[in-house]
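Undergrad: Here you go, one structure.
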Amino acid sequence: MSPDEPTAIEVEVLEIDGVAPMVPQVCAADGPPPEDERPTWRGWQGRLATLDSRWWPLWVLLGSTALVIALTVGLIGGVIFLIFRSVLKILRAILRNIG
C-alpha cells in the first residue's frame, strides 16, 4: 500500500443515540412459506359468491349503465344494418333498370 492511498477502516455500529440499528435478517430458505404463513382463501369462498348488500346502489347504477350502453350499441348496429340493406336494394333496383 502506498502512502497516498486512503486507508479503509471497517466499523460496526453498535448504537446511535441509544438505539441499536436494525439488523437485516437473511432468510435461510427461499422456498414457499410454511402452511401457517400462507393466506387462507378458504374463508373467502362464501364471501366471493355473495354481494354485500351495502353496495346495491352501486350495482344498480353500474348495471343500468351497462344496459343502456348495450341497448344503444344494439340500436345503432340495427340502424346501420337497415341503412345498408336499403342502400343495397336501391342499388340493385337501379342496376336492373340500367341493364
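Undergrad: How would the range 55-99 be classified by its alpha-carbon gyration tensor: rounded, prolate or oblate, with rounded meaning a/c under 1.5 and the a/b versus b/c comparison settling the rest?
TA: Values: a/c = 11.72, a/b = 11.48, b/c = 1.02.
Because a/c hits 1.5 or more and a/b exceeds b/c, the range 55-99 counts as prolate.
Undergrad: Take Leu14 and Arg85, extend 7 Å from each Cα along the Cα→Cβ direction, and tell me the distance between the two endpoints in nm.
TA: With each label point 7 Å from Cα toward Cβ, the separation is 9.3 nm.
All of the numbers you see were taken from the coordinates with simple rules; none came from a lab. None of these values were measured; they are calculated from a predicted model. When we count neighbours, we look across all protein chains shown, and the Cβ atoms used for this are built from the backbone with ideal geometry, even at glycine.
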